[in-house]
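See structure below.
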Amino acid sequence: DAKTTQPNSMESNEEEPVHLPCNHSTISGTDYIHWYRQLPSQGPEYVIHGLTSNVNNRMASLAIAEDRKSSTLILHRATLRDAAVYYCILRDSSTNAGGTSYGKLTFGQGTILTVHP
Amino acid sequence: GAVVSQHPSWVICKSGTSVKIECRSLDFQATTMFWYRQFPKQSLMLMATSNEGSKATYEQGVEKDKFLINHASLTLSTLTVTSAHPEDSSFYICSARGIQGPVEQFFGPGTRLTVL
């Protein structure tokens, strides 16, 4: 699986936007970019994923660079409940006549996000 | 999102005993389930992947005879830690992916295993 690089930690203030960067310079054309987050003593939670275009959902936005070698997870207004470890993961895929299959989710060290009141 | 449960949420056992952890997909059928392990201050490490009705595929370095995985139905997978030792103390997390192939993979809340 292709590797990702994230800052070890970031801090934000409540109600402010947060931009969490991820570098993935060795990404291949079939790799999806996934973001998960993990609150203390809980299992990871899906946040968002994308392939080439920017994506928005109720939790966050994902901005993908044109060359796909980096991406940014955007939390538009951070809350205290957003304090977690955020993981940027590349997941390969393959498509054939039977449909699309996806590779394993391999977690790196992630970014510890601290949100200050 | 879909719900994945684990039972028990925590367990304390004596060294040498076996412990079984259950993972259930509550509102979808999971063709593939994954088991991860997470030590304190570390990231999740994939232990094995199991497809319903098939033998699990273990990651390199994970002892298949020590960590027994059963995925007998589309909603249940179990992980049995046999002859547990203190070094097996960890946070075990299961994950499930559905038949329809949603891209997202859903995770359970984790089971904290402490071996005395």
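Rule-based calculations on the coordinates, nothing more; no lab input. Note that the coordinates shown come from a computational prediction; the quantities given were computed from them, not determined experimentally. As a convention, Cβ positions derive from the backbone with ideal geometry for all residues, glycine included, and neighbour counts pool all protein chains shown.
With r as the distance between the Cβ atoms of A:M10 and B:I12 and R0 = 35 Å, compute the FRET efficiency 1/(1 + (r/R0)^6) and round to 0.05. Could the numbers behind the result be given before it?
Working: r = 35 Å, r/R0 = 1.01.
Here the calculated transfer efficiency is 0.50.
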For A:T52, placing the label point 7 angstrom along Cα-to-beta-carbon and taking region A:68-84, residues whose amide nitrogen sits under 17 Å are A:68-71
Most mobile of A:D67, A:D92, A:D82 per a Gaussian network model of chain A (Cα springs, under 10 Å)?
-> A:D67
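Taking 2.2 N^0.38 Å as the expected size of a compact globular protein, what ratio does the Cα radius of gyration of region A:1-115 give against it, to two decimals? Don't skip to the answer; put the middle values down first.
On the way: Rg = 14.0 Å, N = 115, 2.2 N^0.38 = 13.4 Å.
Relative to the 2.2 N^0.38 Å estimate, region A:1-115 comes out at 1.05.
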R0 of 22 Å, Cβ-Cβ distance B:Q60-B:T82: FRET efficiency to nearest 0.05 | 0.65
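With a cut-off of at most 12 other beta carbons within 10 Å, and DSSP calling the residue loop, which trypsin sites (Lys or Arg not before Pro) in region A:74-117 qualify? Please list them.
A:R77
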Proportion of all alpha-carbon pairs of region A:23-76 beyond 19 Å (%) | 29 percent
Report the paramagnetic label zone for A:R81: residues of region A:1-20 whose backbone N is under 15 Å from a point 7 Å from Cα along the Cα-to-Cβ axis.
-> A:15
Using Cα pairs closer than 8 Å and at least 6 residues apart in sequence, work out the relative contact order for region A:22-94, in percent.
-> 40 percent
For region B:60-116 and region A:60-95, compute the distance between their C-alpha centroids and round to whole Å.
-> 26 Å
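Return the Rg/Rh value of chain B, two decimal places, where both radii are evaluated on C-alpha atoms and Rh is the Kirkwood radius. Walk me through the intermediate numbers first.
Details: Rg = 13.3 Å, Rh = 14.0 Å.
In chain B, Rg relative to Rh is 0.95.
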Contour minus Cα-Cα distance for A:S93 and A:E45 (0.36 nm per residue) = 15.2 nm
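Give the residue list of trypsin sites (Lys or Arg not before Pro) in region B:4-34 that are DSSP loop and have at most 16 other beta-carbon atoms within 10 angstrom.
Working: sites: B:K14, B:K20, B:R24; in loops: B:K14.
Answer by residue number: B:K14.
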